[in-house]
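For reference, the structure is listed below as structure tokens.
Readers should treat all values here as calculations from the given coordinates under stated rules, not as data from a laboratory. All values derive from a computational prediction rather than experimental measurement. All Cβ positions, even for glycine, are placed from backbone atoms using ideal geometry, and neighbour counts span all protein chains on display.
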Amino acid sequence: CSCVGCSNFGAACGPGKELSWVSDENYLEGMKLTKLVGMKAIEAVNEIKAAAGGAPAAAPAAAAPAGGPVVSALADRINTKMPNPENPKYKFVHVGFTSPGGDAFNTDKDKHGYRYDAVPIANGVIMA
């Protein structure tokens, strides 16, 4: 959510809006964080599995490069949820809630009914 720094996607927040409303600069900066969130989610599940005696699905992610934690480029910009991987390391689910009462009660949603930063976070997990 925006409380953890995904506010770069704020231009997509509100009825009738979507990720295409986000500037390229804000998109790239926001995706750095959501890709890191995805990497950390995989690392956390690997650690939980290892602690429970199971083998992790993959080796932990490599250390962050010197220029920042994750590199993002406009070439990988996508304004919708990416397709699910054919052979995912793990299966995650995104659960959202839409309040009854229409747009007046769902100002944090985009025109598709998702919280404005949910798609970038899901894509960050998919890219991990």
Next item on the list: Using label points projected 7 Å from each Cα along Cα→Cβ, tell me how many nm separate Asp103 and Ala52, to one decimal.
Entry: 4.4 nm
Next item on the list: Rank-order 31-40, 78-87, 13-22 by packing density, defined as the average count of other C-beta atoms within 10 Å over each peptide's residues, highest first.
Entry: 31-40, 13-22, 78-87
Notebook entry, point to check: Are there trypsin sites (Lys or Arg not before Pro) in the range 87-120 that DSSP marks as loop and that have at most 12 other Cβ atoms within 10 Å, and which are they?
Noted result: Lys91
Next item on the list: Return the lysines within reach of Lys32: Cα separation strictly under 20 angstrom, same-chain partners fewer than 8 residues apart disregarded; answer none if there are no such residues.
Entry: Lys40, Lys81
Next item on the list: Starting from the Cα gyration tensor of the range 73-127, take the square roots of the eigenvalues, sort them a ≥ b ≥ c, and report rounded, prolate or oblate (rounded when a/c is under 1.5, otherwise prolate if a/b is larger than b/c, else oblate).
Entry: oblate
